[in-house]
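Read through the structure below, which is laid out as structure tokens, and then see the notes.
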Amino acid sequence: MSQYHAPLAEMQFVMNELAGLEQVSQLPDFAEATPDVATAILEEASKFATNVLDPLNFSGDQEGAQWHDGGTVTTPAGFKDAYLQFCENGWMGLNKSTEFGGQGLPQLVAATVEEMWHASNLAFDLCPMLTQGAIEAIELRGSDALKHKFLPNMVAGVWAGTMNLTEPQAGSDLAAVRTRAVPQGDGTYKIHGTKIFITCGEHDYTENVIHLVLARTPDAPPGVKGISLFVVPKFIVGDDGSLGARNDVFCVSLEHKLGIHASPTAVMSFGDKGGAVGYLVGEENRGLEYMFIMMNLARFSVGMEGVGVSERAYQRAVAYAKDRVQGKAVGLAPEEATGTIIDHPDIRRMLMTMRANTEAIRAVAYVTAAAMDNASRHPDAETRKRSQAFVELMIPIVKGCSTEVAQETTSLGVQVHGGMGFIEETGAAQHFRDARITTIYEGTTGIQANDLIGRKTARDGGTVARKVVAEIDAVAADLVAHGDPSLKAIGTQLAQSTAALKEAIDWMVPAYGAQVRAAQAGAVPYLRLWGLVAGGWQMGRAALIAAKHLADGSGAAPFMKAKIATARYYADCLLPQAGGLARTVVEGGESALALAASDF
Ligand SMILES: Cc1cc2nc3c(=O)[nH]c(=O)nc-3n(C[C@H](O)[C@H](O)[C@H](O)COP(=O)(O)OP(=O)(O)OC[C@H]3O[C@@H](n4cnc5c(N)ncnc54)[C@H](O)[C@@H]3O)c2cc1C
């Protein structure tokens, strides 16, 4: 069976040369994050991913998390031990504030490491990911008292965190949240309600679980402006940090689901025995606003899940394709033939599609991570603002497109295996099942796309979107002007795709106001178009850098040649879809909406 190996050369190339770690390490507080240090971190993380997490992926899926009478939950064999090692090695607090015990490393470095966790064991990393989200919420808006009480143990991983947003009637639309929070007059609240689909709502990893809960106070206005955010610990924590009474929050069941079986997805009941004690984060009625601030990071992380699971599915497919003997490949000289299915042109096409798409979404994600670092730390206010605007635009693209790409890569991974792909023992089917959730949680693709057309494109009249397009055009022009015919061809295709994207933006900005239903009908194709072209942008940049290395003899020549070949495949075989997507955006709305609801 294939073993996961982090693609270290590729990760370092993207991190250093495309995302610019050297520049990020010049930012205040990041001086220690030099490329050498980052390389050492990546190497350590890759060992943990290969030796500890990857071997548990299949067994964890088979065994699943188990619910027991009394509301306790056990995770599959080996998971708790892996979690304890993960925390002991300091991975939980990699990019968290040093004030609370974190290592304060850039988001860019954290993203590369995160990719490895997702690739080797998607279900395992959900608990750390949600804990990091909860840490972020408390750090951003919690009082000093809350921070000091909860953060050190959460950053160390001694206590885990959760995000309790969803209720049966409140999924994509959190304005419908009904969970109640009643003030007790002593600064605390009593929480009553039911939350569903809560990742790691209960488990056996940690002695305490710190739930972040959205709820309404009695006088709250209706809708989004009446939701507050609370910290609700499983065990009450004393002022000295000791654990006290069991709080009135219990896991009443676990969901049975398509994938990520090792991750418990819990139904949580708050307040059945009189009310769960909760502590307000920030101010009343501003909970959703706080959630939106931290959503950038959470959505980015789910985008990285798409990258990780795509890489893993690709590696497994390559291993199988080099092993399976079936049929005789056409048109190959005997000395060129391996005798396995990797010789078949259609297998090559599938592997190249998986590889090119994965490299493209990785590059887009890492470049976005570097922009997150610039947005938070750059000394120049204008650069911070520009970087933040770029991040805002890119987050729905990273989340929406990486996860949609993961559907295709994991499906192709099954296809490369033939019938064995449908059989669980190869592991290809698990990636396909596990990947399926990534386009749903943290906001479905439809919700990402609505965000992209509304807040991120139409609201500023397309200004930021067009600035990014101008940057892509500049790369296309550099490629077209290049002496190498392959780079020229990449540039020509990139320029055509960028023209298609421009057309879609020009249509979308007025349409969002004048024909909003048609705009929303084209929102997902618009998102896919952005992802495709942004991927082409980064692949084009990668090809230019690789060509420079080849010209001056620096870097590993086989890697650089493969980079250019993969970028060329992306340009020749994937980028042409941009024209079709633009047509769907501009002309597809009417026919998508032609039938009345009663016609279905
Ligand atoms: C395994 C798993 C883990 C999860 N973990 C957590 C967790 O830890 N914490 C938590 O709070 N929640 C969690 N969730 C919930 C998850 O975030 C929601 O399922 C998700 O946001 C979608 O909400 P919904 O299921 O109610 O679907 P709905 O909102 O009912 O959506 C159904 C369909 O309608 C579409 N739709 C809805 N509204 C619109 C709109 N305005 N425009 C266009 N299309 C729209 C959606 O795109 C979707 O296709 C988890 C879910 C699962 C399955």
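Every read-out reported here was derived from the displayed coordinates using simple, explicitly stated rules and does not represent laboratory data. Please read all numbers here as calculations on a predicted model, not as lab measurements. Cβ sites come from the backbone with ideal geometry, for glycine too, and all protein chains shown count toward neighbours.
The amide H of N208, built 1.01 Å from its N in the peptide plane, has A160 as neighbours under 5 Å, considering only residues 5 or more places off or on other chains. Using a cut-off of 14 Å between beta-carbons, work out the net charge of the residues near A596 (Lys and Arg +1, Asp and Glu -1, A596 not included). Charge balance in the 14 Å sphere: -1. Peptides 100-112, 584-596, ordered by how many other C-beta atoms sit within 10 Å of their residues on average, highest first, read 100-112, 584-596.
Entry for segment 183-293 at q = 0.14, 0.16, 0.21 Å⁻¹: log10 I(q)/I(0) = -0.61, -0.78, -1.20, Debye formula applied to identical alpha-carbon scatterers, no solvent contribution.
The phi torsions of segment 314-325, fed into the Karplus equation with coefficients 6.51, -1.76 and 1.60 and a -60° offset, translate into couplings of 5, 4, 5, 5, 4, 4, 5, 5, 8, 10, 6, 9 Hz, rounded to whole numbers, with Gly and Pro shown as x.
Translational diffusion of segment 502-572 was estimated from the Stokes-Einstein equation, with Rh taken as the Kirkwood radius over Cα pairs; at 10 °C and 1.306 mPa s the coefficient is 112 µm²/s. Cysteines of the chain lacking any other cysteine Cβ under 4.7 Å from their own Cβ: C87, C251, C401, C573.
Converting phi to 3J(HN,Hα) with the Karplus coefficients 6.51, -1.76 and 1.60 and the offset θ = phi - 60°, segment 455-465 yields 4, 9, 10, 6, 4, 9, x, x, 4, 5, 4 Hz in sequence order, with x at every glycine or proline.
Within the shell defined by Cβ-Cβ distances under 15 Å, the residues around F58 carry a net charge of -3, with Lys and Arg each +1 and Asp and Glu each -1.
Restricting the calculation to Cα atoms, the chain yields a radius of gyration followed by a Dmax of 24.2, 83 Å. For segment 308-453, the alpha carbon positions stretch 62, 32, 24 Å along the principal axes, listed from largest to smallest. Determine the distance separating the Cα centre of segment 524-592 from the Cα centre of segment 42-91; give it in Å without decimals. So the separation of the two Cα centres works out to 36 Å.
Summing charges over neighbours of L105, with a neighbour being any other residue whose Cβ is under 10 Å away from its Cβ, gives -2 when K and R count +1 and D and E count -1. Summed over all non-identical Cα pairs, the Kirkwood treatment of segment 258-334 gives a radius of 18.5 Å. Each principal axis of the Cα atoms in segment 444-593 has its own extent, and those three values, largest first, are 54, 26, 26 angstrom. The average projected area of segment 5-109, computed from the convex hull of its Cα atoms over all directions, is 8.4 nm².
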